[in-house]
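Notes follow the structure.
The values are calculated or read from the model by the stated rules, or taken from the named source; none is laboratory data. Values in this document were obtained by computation on a predicted structure and should not be read as measured data. Positions of Cβ are backbone-derived with ideal geometry, glycine not excepted, and every protein chain shown enters the neighbour counts.
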């Protein structure tokens, strides 16, 4: 589909409106895909404020930005009106320090984490690497602190750590989350498996029933109650005392102490779980999800709240 002049003008106006503009799926407070989330995590570590455009909310922009940039995928980052690239390019620029320089930020001294590997795990890893001499052990810890091991060729700008005579490679984002990680080999009913223990991992998202949340309210417990639905859904039904989690609210939440109690809700609990996981990945330690969402709230606590 050809890019209309009207859509082109809209895109150019958006790009010209801020030095840092990210076209993404979702918004800064609630990315809707892993690639968008990764770029948000990188930008959040470098700049306090920037513009995000949710392409899922605007089909003209979603299709138009791909043609405008001559780039087929989302997310897409623009700096001072210039197209930078998608997730892989942004990640590479971040790892090399070039993104810091483009944003006028000092290139930090990269942290080299300490990693411990048990003798049994090291022996099993040697078996695997001997079968794939062109590959090396990679440790990955994503923004939700989900850790994994794998074998892959070495890439530029990776952090290298030696533990138990084993060379472990990781990207810089993983390195920032990996200090003190231990890797062991444990037996289970299905056989031996690697166990990765990370002392930096925040607590799990806790599920609260509607009655649990109402009890917190009745007791006067202080917490931030966030609605991750669309404005249209919120106009249909809402829980008293909640805030819509839009981009502006997300920025304010990021400034709060990491031990602030957060409770998220949506229609049935799925989207709010994803939002809760996002803020857990941002280091918040008291993150909760309203199980069953506003629908369960209407059924179990307040029938005056319309169901839809």
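Going by what's in this entry, would residue 303 be described as in a loop (DSSP other than H, G, I, E, B) and modelled with pLDDT of 95 or more? So residue 303 fits the description; yes. Within 18 Å of residue 283 (Cα to Cα), surrounded by fewer than 17 Cβ atoms within 10 Å (Cβ to Cβ) and at pLDDT 95 or above, is that true of residue 114? In short, no.
Please go through region 261-293 and pick out each residue that is assigned to a loop (DSSP other than H, G, I, E, B) and within 19 Å of residue 145 (Cβ to Cβ). Selection gives 282, 283, 284, 285. The single condition among (1) in a loop (DSSP other than H, G, I, E, B); (2) surrounded by 18 or more Cβ atoms within 10 Å (Cβ to Cβ) that residue 154 does not satisfy is (2). Scanning region 165-173 for residues that are over 20 Å from residue 284 (Cα atoms), at pLDDT 95 or above and surrounded by fewer than 14 Cβ atoms within 10 Å (Cβ to Cβ) turns up at least one hit. Exactly one residue among 187, 204 is assigned to a strand (DSSP E or B) and out of contact with any strand residue (DSSP E or B) (no Cβ under 7 Å at 6 or more places or on another chain), and that residue is 187. Of all residues in region 117-144, those being surrounded by 13 or more Cβ atoms within 10 Å (Cβ to Cβ), assigned to a loop (DSSP other than H, G, I, E, B) and out of contact with any helix residue (DSSP H, G or I) (no Cβ under 9 Å at 6 or more places or on another chain) number 1.
Residue under question is residue 147, and the condition is that it be touching a residue at least 40 places away in the same chain (Cβ under 8 Å), surrounded by 12 or more Cβ atoms within 10 Å (Cβ to Cβ) and under 29 Å from residue 23 (Cβ atoms); does it hold? Spelling it out, it is not the case that residue 147 is touching a residue at least 40 places away in the same chain (Cβ under 8 Å), surrounded by 12 or more Cβ atoms within 10 Å (Cβ to Cβ) and under 29 Å from residue 23 (Cβ atoms). Say whether the condition of being crowded, with 21+ Cβ neighbours inside 10 Å, over 12 Å from residue 30 (Cβ atoms) and in contact (Cβ under 8 Å) with a residue 12 or more places away in the chain is met by at least one residue in region 268-285. Checked region 268-285: at least one residue is crowded, with 21+ Cβ neighbours inside 10 Å, over 12 Å from residue 30 (Cβ atoms) and in contact (Cβ under 8 Å) with a residue 12 or more places away in the chain.
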